[in-house]
Amino acid sequence: MKSNDEFYIGYFPKAPKSIAKWIMTSVIILVISIAILSLLQARNQENLQANNFEFGKITELTGILQTTPVPNLVIHNGQDINGNDLFQSVLLIGLGKFGSDSLVSFFKNKIDLPLNQTEVTLRGTLIYSDGKTLLELTEEENALVKSVPLDSSITISSKKIGRIELNGEMIDSKCYFGVMNPGYGKPHRSCAIRCVSGGIPPVFWSTTEDKATQYYIVLGKNGEAINQQVLPYIADPICIKGEVYQYLDWHIIQTDIENEITAKGCSGF
Amino acid sequence: MSATYQPVLWNRQKKIYDWVMFGLIILFLAIFIGVSLVLFGDKITGETLIIRAFGSLAITMLHIILMIGPLARLNKKFLPLLYNRRHLGVTMFFMASIHGVFSILQFHSMGDINPLVSLFTSNVNYATLAEFPFQVLGFFSLIILFLMAATSHDFWLKNLSPKVWKTLHLLVYLAYAMLIFHVMLGVIQLEKSPLIVILLGIGMLTVIGLHLAAGYRQKQLGYLKEQVEKDGFVKVCTPDDIEDNRAKLVHLNGESIAIFKYENKLSAINNFCKHQNGSLSEGKFVNGCITCPWHGYQYLAHNGSSPPPFTEKVATYHLQLIDNEIWVNPTPEPEGTAIEPVLL
Ligand code: HEM
Ligand code: FES
């Protein structure tokens, strides 16, 4: 067949033989390339965390409701080897990209007794990873199932540990510990900003020399929430200085936003 | 070519084209989702998987789309890939929208401000390169892809005028450039492996290389070594230099002229198809008409007009045959002007 005769016209039912063959070959090459490209791109996702967000599953937790340092529910979590009671603090988070401050004050008003003399049961969706647990109050105002007066009041307080200076990244606790994957780094930055802006407690994470990850809930120097002020630093490598406290199984860092957060790593690193 | 407009003029080739396209899309998604679940099934969430599978699919499709044009210019056997490229483009837009919509839902919705405002205002490092809000680049690219998909039908081609339409569709290169940065700035800093950078680099070099090669080829075609002129006519070649039912291209005084040899006659018409600027000199004389190699629009050789009921018209040129040499007058006659063919 002379090359002159080969001419493809799309609306003719059949393509000329030699052209059809050429296209068949191209399609086979395309199939192989697509398979390889898809495989390579899928394999490349390294930075995923083993997070859990029990979407669609509601869990009830019973404990003491606390509004400070951030809204949380203190639950009984077994005993240590000496028979002392162990407590764990479950951070309370709102639905979507919101904190739970207003919901928790709403519950506080509904409960007649001081919070320290009441045991409450809350419903919500569990978020957990790396030993930390959060509860999304998925049903919002209906999340409070019941409140029962306690025989005696319980005091839960933070212990001061000391000053610290650390390199790391500030993220929103909800996404980081469960809702998103990964919930840190640049691609996730705008989401983390939205969440912190909506009142979800910012958490600073840092890795120690032996590769263990430490978490610190970030508060202002007087223990106040500083969500709006930290927004420019979210999801960027930063150096943070401040006073560290232990609150049950959480660390808190109280920092002076004006002077103690810097956008570059700490000096000496 | 059309006298009235229908949503899609289906034919067998288009159906084969679309089936192959959907097959390849399914293949890509199946492998991507399968591999992700096997390797990271315990960690990855459904939303993340959707965002990543469709983002990766869309950028892969965009590379293929951008390669088809220059490939077809370099080798005519690739023309069937061009024939129904618009379906590929529209489908790519839908795949990219799934990625974009899920990203906006996942990263910006259910917050304290409107998701679209959040897209622009949550990361405000507009003054830096490395920290630039990469999602905004994805958003503007998606808008361009939307405009292209929405106006892809021939109805719009006519109503916007081919020139405006063509310019609009050239924006795909702007979208492509923004998407390169969207991916580079977004993901590459998260993943440690340089694989995506390498893949994207290879893709970009292939797209640019093919365009340069095709541009170079095109430049060499149709230029006369020396221009001999007499009485307004320019000497081109002998009739034997043109194959039967085919054409020779000449560029003269800014005009691109396709000189066709058919049924022992010669006629010259403007090279650019009224549909989407397909090069008619690469077309063929089929069933009594010059047929465009891209989508098969047809023109009568002696007057450059599509046969009724169609209405497309291109300019025609006067020819002379002197001592077995073809001479052409590069001054165009108005589009659709009948000129007596030169008899061989
Ligand atoms: C409204 C528009 C868009 C938004 C909000 C957006 C958002 C995002 C986000 C947040 C990521 C990071 C996802 C992750 O790794 O977790 C991403 C990655 C990516 N985007 Fe987009 N994007 C948009 C448009 C586009 C378009 C139009 C394309 C291509 C045609 C595209 C292609 C990609 C690719 C290839 C990646 C890297 C692979 C991946 O992780 O998905 N994006 N985009
Ligand atoms: S038929 Fe589409 S460009 Fe000629």
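The values are calculated or read from the model by the stated rules, or taken from the named source; none is laboratory data. It should be emphasised that the depicted structure is a prediction, and the values quoted were computed from it without experimental measurement. For neighbour counting, all protein chains shown are included, and Cβ atoms are generated from backbone atoms with ideal geometry for every residue, glycine included. The protein model used for the area step is the full one, side chains on, heavy atoms only, and it has no ligands, DNA or RNA in it. Shrake-Rupley method; radii C 1.70, N 1.55, O 1.52, S 1.80 Å.
The rows are residues; the columns are (1) closer than 21 Å to B:Leu79 by Cα; (2) within 13 Å of another protein chain (Cβ to nearest Cβ); (3) open to solvent by less than 10 Å² (accessible area, probe 1.4 Å).
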| residue | (1), (2), (3) |
| --- | --- |
| B:Leu249 | yes, no, no |
| B:Glu263 | no, no, no |
| B:Lys274 | yes, no, no |
| B:Gly283 | yes, yes, yes |
| B:Gly296 | yes, yes, yes |
| B:Ala301 | no, no, yes |
| B:Pro307 | no, no, no |
State whether one or more residues within segment B:116-131 are away from chain A (no Cβ under 11 Å) and modelled with pLDDT of 80 or more. yes
Condition first: open to solvent by less than 50 Å² (accessible area, probe 1.4 Å) and acidic (Asp, Glu). Can you find one or more residues in segment A:229-241 that meet it? yes
Only one of A:Lys17, A:Lys57 is over 30 Å from the mean Cα position of the chain (by Cα) and more than 8 Å from every other protein chain (Cβ to nearest Cβ); which? A:Lys17
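To keep it simple, each residue is scored yes or no on (1) farther than 30 Å from B:Val314 by Cβ; (2) of a type in the set (Asp, Glu); (3) within 11 Å of another protein chain (Cβ to nearest Cβ); (4) within 14 Å of the chain's Cα centre (by Cα).
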| site | (1), (2), (3), (4) |
| --- | --- |
| B:Val164 | no, no, no, no |
| B:Thr167 | no, no, no, yes |
| B:Leu179 | yes, no, no, no |
| B:Pro194 | yes, no, yes, no |
| B:Leu199 | yes, no, yes, no |
| B:Gly203 | yes, no, yes, no |
| B:Val207 | yes, no, no, yes |
| B:Leu210 | no, no, no, yes |
| B:Tyr216 | no, no, no, no |
Counting only residues that are in contact with an Asp or Glu (Cβ under 9 Å, 6 or more places away or on another chain) and of a type in the set (A, V, I, L, M, F, W, C), which one in segment B:295-322 is nearest to ligand 1 (Cβ to nearest atom)? B:Val314
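Let's see how each residue does on (1) surrounded by fewer than 15 Cβ atoms within 10 Å (Cβ to Cβ); (2) among the β-branched types (Val, Ile, Thr):
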site: B:Phe181; (1), (2): no, no
site: B:Val187; (1), (2): no, yes
site: B:Ser193; (1), (2): yes, no
site: B:Leu199; (1), (2): no, no
site: B:Leu205; (1), (2): yes, no
site: B:Ala214; (1), (2): no, no
site: B:Gly222; (1), (2): no, no
site: B:Asp231; (1), (2): yes, no
site: B:Lys235; (1), (2): no, no
For the condition open to solvent by 40 Å² or more (accessible area, probe 1.4 Å) and either within 14 Å of chain B (Cβ to nearest Cβ) or closer than 30 Å to A:Glu260 by Cβ (or both), what is the one hit in A:Gly131, A:Gly162? A:Gly131
Test: residue in segment B:83-96 that is within 17 Å of A:Ile193 (Cβ to Cβ) and in the same structural domain as B:Leu27 (by TED's automatic domain parsing): no
